[in-house]
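The values are calculated or read from the model by the stated rules, or taken from the named source; none is laboratory data. Nothing here was measured: the structure is a model prediction, and the numbers come from that model. Methodologically, a virtual Cβ is constructed for each residue, glycine included, from the backbone with ideal geometry; neighbour enumeration extends over all protein chains shown. The area values use the complete protein model at the heavy-atom level, side chains included, leaving out ligands, DNA and RNA. Shrake-Rupley method; radii C 1.70, N 1.55, O 1.52, S 1.80 Å.
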Amino acid sequence: GGTGTDTIFGIDVSSSGVATVGGLMMSQSLRIGNHTLHGGDNDDGDSGAYFVARTDANGNWMSGGTAKAHGLWDESFEWDEQQGKIAVASNGTVYMIGIYDYSIEFDSGTLYESSSNGGIWTYTVFFAIWEPANGWTHYQNIPMNFDQPLDIVIDSNDDIYVSGYCQGGYYFGSIYVGSSRPCISKMDSGGDWSSVSQPSSNCYFGGLGAH
């Protein structure tokens, strides 16, 4: 472990015994097995890093990845509040949702909180993809409220489903969200957002399941 507050918010174990974890670290560095992840809290105490780490089938920790957030939701480390969620495909690809403020850095670029790319100004929900061989390969803001329940699951076809409370007037990919209501958004195995479904009533989703 590290010297700061570090949490794990998701764990997946494959049929072959490979374990994958997703979490949020405040430590400057986090040692997992023989590997060290970097990118936690800054000197001002207002940043952290989302991380992914995985084992092989024998339980040996392999290298992972981090995404440094320059600003976090004030309640991210409260035990009864959400930090993020992960879903893991059969090939080990990790799909993550999380919450940040100001900006968050991935391997090849940075997301910013802004109205032009789906940021909701106060705190923004991101969606990102991490591949074992290539690191973070995709990242985007998604128009969901940070303070309503979020979830992400994957089905047997490797289609991704994300649930939460959508903000009207923004886009999931090319799909326009017209109303501010709970929603379930689907990304197909090709990486395209293919649908956004919203119930007629203003209910809330407590969680998702897929098979």
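Restricting the chymotrypsin sites (Phe, Trp or Tyr not before Pro) of the range 88-178 to loop positions (DSSP other than H, G, I, E, B) with no more than 12 neighbouring Cβ atoms within 10 Å leaves Trp121. Taking amide H as placed 1.01 Å from N in the peptide plane, Asp6 has its amide H under 5 Å from the amide H of Met26, each at least 5 places away in sequence or on another chain. For Leu37, nonlocal amide neighbours, meaning residues 5 or more places apart or on other chains whose placed amide H falls under 5 Å from its own, are Leu30, Arg31, Ile32. Taken one residue at a time, the phi angles of the range 53-70 give Karplus couplings (6.51, -1.76, 1.60, θ = phi - 60°) of 9, 8, 9, 8, 5, 9, x, 7, 5, 10, 5, x, x, 10, 9, 7, 9, 8 Hz. Gly and Pro are set to x. Phi angles across the range 179-190 convert, under the Karplus curve 6.51 cos²θ - 1.76 cosθ + 1.60 with θ = phi - 60°, into 3J(HN,Hα) values of 10, 8, 8, x, 8, 10, 10, 10, 10, 6, 5, x Hz, Gly and Pro given as x.
Using a probe of 1.4 Å, the accessible surface attributed to Lys186 totals some 50 Å² when neighbouring protein chains are kept in position.
Compute the signed sum of charges (Lys and Arg +1, Asp and Glu -1) over the other residues within less than 13 Å, Cβ to Cβ, of Val125. Could the numbers behind the result be given before it?
Numbers: positive: Lys85; negative: Asp101, Glu113, Asp147, Asp151.
Overall, the nearby charge balance is -3.
Remark: spin-label model distance Tyr102-Ser179 equals 3.8 nm, labels positioned 7 Å along the Cα→Cβ axis.
For Ala69, the residues whose modelled amide H falls within less than 5 Å of its own, excluding neighbours fewer than 5 places apart on the same chain, are Gly48, Ala49, Tyr50, Glu105.
Of the peptides 47-56, 21-30, the order by per-residue mean of other Cβ atoms within 10 Å, starting with the highest, comes out as 47-56, 21-30.
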